[in-house]
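Novice: Can you read through this structure? Questions will come right after.
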Amino acid sequence: MKLASYIANGKPVFGVVVGDGVATMNDRLGGRYATLRDVIAAGALDELRRAAQGVQPDQKLAGLRFLPVIPNPEKIMCVGINYRSHAAEHGAEAPKAPNIFTRFVNTLVAHEGEMIRPKVSTSFDFEGELALVIGEAGRHIKAKDALSHIAGYT
C-alpha cells in the first residue's frame, strides 16, 4: 500500500495511491485521524488498509501539492556516513558505531518539492535517503523482532 500526504481543497489530507491517482482517506476513516502519523500512532494501519480496498481515486497524482508523507514527525533521527564508500569520500573509515544526528521538520522536502541551495554552496550534495517510519515504540528489541516495529518506508 502506497500512502501520500498532500493538499486537497486547501487543506492537508492523506490518501492511498491508486494507479495514477490517490483516494483521500480522512473521511473514509470517519475523520478520526488528521494525519498519517495519527493513523500510525493509533495502530490503525490495518483499518486504513481495509478501508482502502476497492477505493477509486478522487485526485490525480499529476499536479498534486505533496507534503512530506509524515508531515508532523515527532522525531527525525539519522545515521550518517554509514557505508564505506561514503566514508571514503570524507577521507575516513566507516565508523565503528553509528554516527547519529537529528533533522528538523522544517528541513523535510515533499515529493516534487523544491530544495533551497544555500548561497555559500555551489552545488547540491546528492545521495539516496531511506527513511523508516517507526510504527511501534520499543526498547531492547531483539533483531528478529525489529522489522515488526516499522510502519513503512519513504
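The values are calculated or read from the model by the stated rules, or taken from the named source; none is laboratory data. Predicted model, so just to flag it, every value in this text is computed and none were measured. Cβ coordinates were reconstructed from backbone atoms using ideal geometry, including for glycine residues, and neighbour counts include every protein chain displayed. Heavy atoms of the whole protein, side chains included, go into the accessibility calculation; ligands, DNA and RNA do not. Shrake-Rupley method; radii C 1.70, N 1.55, O 1.52, S 1.80 Å.
Novice: Round to a whole number: what % of the accessible area of the chain belongs to carbon and sulfur, probe 1.4 Å?
Specialist: 54 percent
Novice: Loop only per DSSP, at most 12 neighbouring Cβ atoms within 10 Å: give me the trypsin sites (Lys or Arg not before Pro) in region 124-154, ordered by residue number.
Specialist: Arg139, Lys142
Novice: Would you mind counting up the charge near Gln59? Only other residues with Cβ under 12 Å from its Cβ, with Lys and Arg at +1 and Asp and Glu at -1.
Specialist: Working: positive: Lys60, Arg65; negative: Asp20, Asp58.
Once all neighbours under 12 Å are counted, the net charge is 0.
Novice: A follow-up question, please. Given an 8 Å cut-off on Cα distances and at least 6 residues of separation, report the relative contact order of the chain as a percent.
Specialist: Values: 207 pairs, mean separation 28.4, N = 154.
Relative contact order for the chain comes out at 18 percent.
Novice: Region 54-104 to region 125-146: how many Å between their Cα centroids?
Specialist: Each part's Cα centre sits 11 Å from the other's.
Novice: Sorted from largest down, give the three principal axis spans of the alpha carbons of the chain, whole angstrom values.
Specialist: Cα spread of the chain along its principal axes, largest to smallest: 52, 43, 25 Å.
Novice: Principal axis lengths of region 1-57 from Cα atoms, whole Å, largest first?
Specialist: 28, 26, 17
Novice: If you place +1 on the Cβ of every Lys and Arg and -1 on the Cβ of every Asp and Glu, how big does the dipole about the Cα centre of the chain come out, in debye to the nearest 20?
Specialist: The calculated dipole for the chain is roughly 240 debye.
Novice: Grab the other residues whose beta carbon is less than 15 angstrom from that of Arg28, score K and R as +1, D and E as -1, and report the net. Kindly include the intermediate steps, with their values, before the conclusion.
Specialist: Details: positive: Arg32, Arg49, Arg50; negative: Asp27, Asp38, Asp46, Glu47, Asp58.
Cβ neighbours under 15 Å give a net charge of -2.
Novice: Within straight cross-link reach of Lys75, meaning Cα distance under 19 Å, which aspartates and glutamates are found once same-chain residues fewer than 8 apart are removed?
Specialist: Within the straight-line cut-off, Lys75 pairs with Asp38, Glu129, Glu136.
Novice: So which chymotrypsin sites (Phe, Trp or Tyr not before Pro) in region 1-94 pass both tests, a DSSP loop state and at most 16 other Cβ atoms within 10 Å of the Cβ?
Specialist: Numbers: sites: Tyr6, Phe14, Tyr33, Phe66, Tyr83; in loops: Tyr33, Tyr83.
Within region 1-94, the qualifying chymotrypsin sites (Phe, Trp or Tyr not before Pro) (loop, at most 16 other Cβ atoms within 10 Å) are Tyr83.
Novice: Excluding ligands, DNA and RNA, what is the solvent-accessible area per residue of the chain at a probe of 1.4 Å, expressed in Å²?
Specialist: That works out to 74 Å² for each residue.
Novice: May I ask you to list the lysines whose Cα is less than 18 Å away from that of Lys60, ignoring any residue fewer than eight positions away on the same chain?
Specialist: Within the straight-line limit of under 18 Å, Lys60 reaches these lysines: Lys2, Lys11.
Novice: Sort Leu48, Leu3, Leu64 by accessible area with a 1.4 Å probe, largest first.
Specialist: Numbers: Leu48 0, Leu3 55, Leu64 20 Å².
Solvent-accessible surface, decreasing: Leu3, Leu64, Leu48.
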